[in-house]
Structures are given as C-alpha cells and as structure tokens.
Amino acid sequence: MQRNVIIDCDTGLDDAVALLLAIRSPELNVKGITCVNGNVSLEKVIKNTLRVVEHSGKDIPVYAGASTALVPDKSEEDASHVHGKDGLGGILFPDPTSIIKPQHAVDYIVETIMNAENPIDWITLGPLTNAALAYLKEPRISKHLRMLTMMAGGVNAGNVTPSAEFNVFADPEAARVVFDSDIPKTMVPLDPLWDGGFLSKENIQQITDANQHLWCEMASKIFQRTVKLVEELGRNPINGVGAVSPPDLLAVAVAIDPEIAVIQENYVSIETRGEYTRGMTVLDRRVYYRIEDQPNRSKVKIALSAHQEKYAGLILNTWLKT
C-alpha cells in the first residue's frame, strides 16, 4: 500500500533527481510539493520544480512557500555557485508549461497533514523554513505524521562551514524549531554520502541507457553535469571518478526504505549563535545524561552510512522498471 507524502524542496540539481525518485516510486503517493528559498531564489526553485514534475510523467501540484529565512539578515547564503545561477547547472531544460497552485505552501502543509485519514510522511530537502512555519502555526501536525525525513546536518563536518551543512546553515532558527519539536524525525546528514550513499559510474550508465523515459533522460543529464561540477570545483572524487552522491536523493531513498541506511538515535540540538558553529547539528553522544537536560524532546534517527548496492538497486528498479 502506498504511503502518502508531502515533499518540501529548494530544487537544485540534487533535489531534482530526488523528486524524480519520489514521484516514480511505487511506495509513495506524492500528494504535493512545496517550494522554499534555498539553493537559489524561490522564483527559480518554483520554475525548476515545475520542470521536474513535467519530466516525471505525473501530475503533482506545486506550492510556493517562504522566500527568505526566518531571520533573513543572518542567512543570505545560497548555493548557486554549485547548482548554477538557474539552479539546474545551466542544463537547457524546456521552460515549464504548468503553473503553481494559489494556496501558500505553509497553509497547504498544515491542511493536508491535519486532514489526512492516516499519519502521512513528510520529506524536506531544503532549508526548514516552511516546516518551522507550519509547526509554529499548528503544532498538532506532529500527531498526524508518521515520519519527517530531512536532508539536514552533518555528524562529523559541514559543507558550507567546517561545522554546518547548507540546509541547516541557510536557516538555523527554523531548523531549531523543527529539531526541538515533538515531530518524529529521521535526519539524513552529509556523512553517508561518503560511506555507501552514492551511485557508481556504471549505475549512471544504466540510467543513461534508459533515456527513452523522460525522468531517466533528466536524471542522466543532471548526473553528467554533477560529475563535471566535481571536477570544476576541484572536489575530491571520494567515491571514484564518475560517481555521484546527491544528498537529497539519498534522503528520499531512506524515506522509502530505511533499511538502506545504518541508523542510530541521538538527541540533536541546533547551534544558532556560535561565531564558528552557527548552523551546526550538535549530537548528544553522552552515555549518561540527566533526563531534565532534554525536557519534552525525543531522539532523532540519524543515517550514518548506506548500503550502496541496495541504494542503487532501489533507484534503478524505480526508474527502469516502470
């Protein structure tokens, strides 16, 4: 039986392939996609999201959300230097012909979760601004969610700063609201991307060979652009030349099948004031702690590594056998 899911995203290169996996998955019924400012401006995120939906072969409603962080004067970072000025690496995908829905993303999120007959899933692939606003507006959504799976944070290091990952760094105040909430949460950080959470050169070739499917054609172009970006940015190809490790793609895969990952549970706090640590996801690794240290909080499930063959198999089976 399919699980109903809402996806919140800031569609850049990795969000695009993640959305294609979620929309094509036989395990998920994507009810709607909400957009948030992040990798690029909200206007570009919306345009890219509509492009992806039109390449997915399905009709999914798209909603516009927050155009700035909760504290915009402190969080002006974007990732256009990685994703390109348009957010999709300059790949010449056609302009979308569809348009967004008029309802605000936060209102859509609250309404959909609260009216669901059974607890639904929620996946966030960008800064947690929309998620925080939705929870602040209606805290009872936590009781109507099966699981919130977030691409967020880093256990051992960040990517924007030594301590902070982009999605959290872009809006730490929003991340703090969500992490401090009673929503059941799974955090997919940067760490498993270098420990099984990647697609090999051979995996990508299989997707390229299936480009008669629009979603495979789009994914193939994005993966090829990503490989070039690794070279252009002087990054170390840790998983081998020609491999890719889109963080949002792994997050969706873990949402579909948590057994893809090795998961542990910790309390997680978000640093919002540190000179060098703003946006850091701070794990409480203490064996002994006082209950009063964590009032009204629950542990977060954290994906530490991934089973590469199982991960790649899920993606290939979803896109090629459809």
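For this structure, a couple of remarks:
- Candidate set: the stretch 110-127, residues that are among the polar types (S, T, N, Q) and farther than 25 Å from HIS55 by Cβ; chosen: the one most open to solvent (accessible area, probe 1.4 Å): ASN115
- In the set VAL40, VAL110, only one residue is in contact with a Lys or Arg (Cβ under 8 Å, 6 or more places away or on another chain), assigned to a helix (DSSP H, G or I) and closer than 22 Å to VAL168 by Cα; that residue is VAL110.
This table checks each residue for (1) among the small types (Gly, Ala, Ser); (2) open to solvent by 50 Å² or more (accessible area, probe 1.4 Å); (3) more than 16 Å from ASP14 (Cβ to Cβ); (4) modelled with pLDDT under 85.
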site: ARG225; (1), (2), (3), (4): no, yes, no, no
site: LYS228; (1), (2), (3), (4): no, yes, no, no
site: ASN236; (1), (2), (3), (4): no, yes, yes, yes
site: ALA243; (1), (2), (3), (4): yes, no, no, no
site: PRO246; (1), (2), (3), (4): no, no, no, no
site: LEU250; (1), (2), (3), (4): no, no, no, no
site: ALA255; (1), (2), (3), (4): yes, no, no, no
site: PRO258; (1), (2), (3), (4): no, yes, yes, no
site: ALA261; (1), (2), (3), (4): yes, no, yes, no
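- Against the list (1) in a helix (DSSP H, G or I); (2) of a type outside the set (D, E, K, R); (3) under 19 Å from the mean Cα position of the chain (by Cα); (4) over 14 Å from LEU250 (Cα atoms), the condition GLN206 fails is (3).
- Here is the figure for the stretch 58-99: residues that are out of contact with any Leu (no Cβ under 7 Å at 6 or more places or on another chain) and in a loop (DSSP other than H, G, I, E, B) total 29.
- Selection of the stretch 38-77 for residues being under 13 Å from LEU20 (Cβ atoms) and either crowded, with 16+ Cβ neighbours inside 10 Å or touching a Pro at 6+ places or on another chain (Cβ under 8 Å) (or both) yields ASN48, THR49, ARG51, VAL52, VAL53, GLU54, HIS55, SER56, ILE60.
- Output for the stretch 166-201, where each listed residue is acidic (Asp, Glu) and either touching a Leu at 6+ places or on another chain (Cβ under 7 Å) or part of a helix (DSSP H, G or I) (or both): ASP171, GLU173, ASP191
- Per the conditions (1) among the hydroxyl-bearing types (Ser, Thr, Tyr); (2) in contact with a strand residue (DSSP E or B) (Cβ under 8 Å, 6 or more places away or on another chain); (3) farther than 22 Å from GLY12 by Cα, the sole criterion not satisfied by SER142 is (2).
- VAL45 vs. criteria assigned to a helix (DSSP H, G or I) and touching a Cys at 6+ places or on another chain (Cβ under 9 Å): yes
- Residue within the stretch 11-28 that is modelled with pLDDT of 95 or more, part of a strand (DSSP E or B), out of contact with any Cys (no Cβ under 7 Å at 6 or more places or on another chain) and hydrophobic (A, V, I, L, M, F, W, C) present: yes
- Scanning the stretch 283-297 finds no residues that are closer than 20 Å to ASN167 by Cβ and charged (D, E, K, R).
- ASP171 being of a type in the set (D, E, K, R), at pLDDT below 95 and under 21 Å from LEU190 (Cβ atoms): no
- Failed item, numbered, when ASN159 is tested on (1) assigned to a loop (DSSP other than H, G, I, E, B); (2) within 18 Å of VAL45 (Cβ to Cβ); (3) not small (Gly, Ala, Ser): (2)
- Filtering ASP15, ASP78, ASP86, ASP10 for residues that are of a type in the set (D, E, K, R), touching a residue at least 12 places away in the same chain (Cβ under 8 Å) and within 16 Å of ALA255 (Cα to Cα) leaves a single hit, ASP15.
- If the condition is being modelled with pLDDT of 95 or more, open to solvent by 40 Å² or more (accessible area, probe 1.4 Å) and not hydroxyl-bearing (Ser, Thr, Tyr), then the stretch 78-109 contributes ILE99, ILE100, LYS101, PRO102, GLN103, HIS104, ASP107.
The values are calculated or read from the model by the stated rules, or taken from the named source; none is laboratory data. Model, not experiment: these values are computed from the prediction. Backbone-built Cβ (ideal geometry, glycine too); neighbour counts: all protein chains shown. Remember, those area values only see protein heavy atoms, side chains included, never the ligands or the DNA or RNA. Shrake-Rupley method; radii C 1.70, N 1.55, O 1.52, S 1.80 Å.
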